[in-house]
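Step one of this worksheet: look at the structure below.
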Amino acid sequence: MNRWILAIALTATLVEIHQSVAHADTLGGNDLIDRSFVDGADGILFTELNTPISITGTLDSWSIWADRIGGQVKLLIYRDIGNDWQFIGSSELKPVTALGLNTWPLANPIAVEAGDLIAWWYPEPTAPSIAYDSPTSSPGVMFNEDWSAEPIIDLTPYLGTIPDLKELGTTEFQGTLWINDNRAYSIAVHGSPPRTRPDSHRMGNFLPHPSLGWGCVFARA
């Protein structure tokens, strides 16, 4: 009987390890490293074009590398649906309290698809925090050029369907111009890819057992 109890416990442990590893996956974003610069702009919405979400899954946390503290930042996720972007979900506004790595759980996990875009917003006023550099070649980021004269104070117009900002060029949206700049920011999102049923050859099958009612039998490869 003890061997059956041990087999069941081992199976549960393996499942827990599998889920823990999946939970730690980075599903999109850039390396979380120190970089050369930090913005001076607030009231600004950035969209990361370099490394979109790489796999369908569920986001449960996000991280930045901060080179300045004392400000606030909010994560947003958009989906490219052709000529428009669809708002998918967001975090709460988070205070940046530590230099270097900051990681926050999402109060409401966000279901994402491969190709979804990572964005973030600095309210006005605040102290921008995320480290960035300018690689020699990259898709870069989109942001509102007129942030100094016309900062984005209210995010409501951006929490639905908006134009594809990277296609706007010099066209205005919400009273501001949108431009692209060759930058890479230390921001990333984390979560779990879709879970699949365990392989019976690796995880075992639950079968009737005369002494326990149910037992776990490990199938041979």
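Before moving on, here are some points about what is shown:
- The residue pairs whose first member lies in segment 183-195 and is touching a residue at least 40 places away in the same chain (Cβ under 8 Å) and surrounded by fewer than 20 Cβ atoms within 10 Å (Cβ to Cβ), whose second member is of a type in the set (S, T, N, Q) and assigned to a strand (DSSP E or B), and whose beta carbons are closer than 6 Å, counting only pairs six or more residues apart or on different chains, are Ser192/Thr58.
- Residue match in segment 20-37 (condition: surrounded by fewer than 20 Cβ atoms within 10 Å (Cβ to Cβ), modelled with pLDDT of 95 or more and touching a His at 6+ places or on another chain (Cβ under 6 Å)): yes
- Among the candidates Ala119, Ala41, residue that is at pLDDT below 95 and on the phi < 0 side of the Ramachandran plot: Ala41
- Checking each residue in segment 159-182 for being part of a loop (DSSP other than H, G, I, E, B), at pLDDT 90 or above and surrounded by 13 or more Cβ atoms within 10 Å (Cβ to Cβ) picks out Asp164, Asn182.
- Residues of segment 69-86 classified as out of contact with any Asp or Glu (no Cβ under 9 Å at 6 or more places or on another chain) and over 18 Å from Asp154 (Cα atoms), total: 2
- Filtered residues of segment 138-158 (kept if of a type in the set (A, V, I, L, M) and either touching a residue at least 40 places away in the same chain (Cβ under 8 Å) or crowded, with 16+ Cβ neighbours inside 10 Å (or both)): Val141, Met142, Ile152, Ile153, Leu155
Yes or no, residue by residue, for (1) of a type in the set (Asp, Glu); (2) under 21 Å from the mean Cα position of the chain (by Cα):
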{"site": "Ile130", "(1), (2)": "no, yes"}
{"site": "Phe143", "(1), (2)": "no, yes"}
{"site": "Ala149", "(1), (2)": "no, no"}
{"site": "Ile153", "(1), (2)": "no, no"}
{"site": "Thr161", "(1), (2)": "no, yes"}
{"site": "Asp164", "(1), (2)": "yes, yes"}
{"site": "Gln174", "(1), (2)": "no, no"}
{"site": "Arg183", "(1), (2)": "no, yes"}
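Residues are listed down the side, and each one gets a yes or a no for (1) of a type outside the set (Asp, Glu); (2) closer than 16 Å to Phe87 by Cα:
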residue	(1), (2)
Ile152	yes, no
Thr156	yes, yes
Lys166	yes, yes
Glu172	no, no
Thr176	yes, no
Ile179	yes, no
Ala184	yes, no
Ala188	yes, no
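- Any hit, segment 83-90, residues being surrounded by fewer than 18 Cβ atoms within 10 Å (Cβ to Cβ), in contact with a helix residue (DSSP H, G or I) (Cβ under 8 Å, 6 or more places away or on another chain) and assigned to a loop (DSSP other than H, G, I, E, B): yes
- Residue list for segment 148-158, restricted to those being more than 17 Å from Phe46 (Cβ to Cβ) and either part of a strand (DSSP E or B) or among the hydrophobic types (A, V, I, L, M, F, W, C) (or both): Ala149
- Scanning segment 126-142 for residues that are modelled with pLDDT under 95 and assigned to a loop (DSSP other than H, G, I, E, B) gives Ser134, Pro135, Thr136, Ser137, Ser138, Pro139, Gly140.
The values are calculated or read from the model by the stated rules, or taken from the named source; none is laboratory data. Bear in mind that the values here come from a model prediction, so they are computed numbers and not experimental data. Cβ atoms come from the backbone with ideal geometry, glycine included; neighbour counts cover every protein chain shown.
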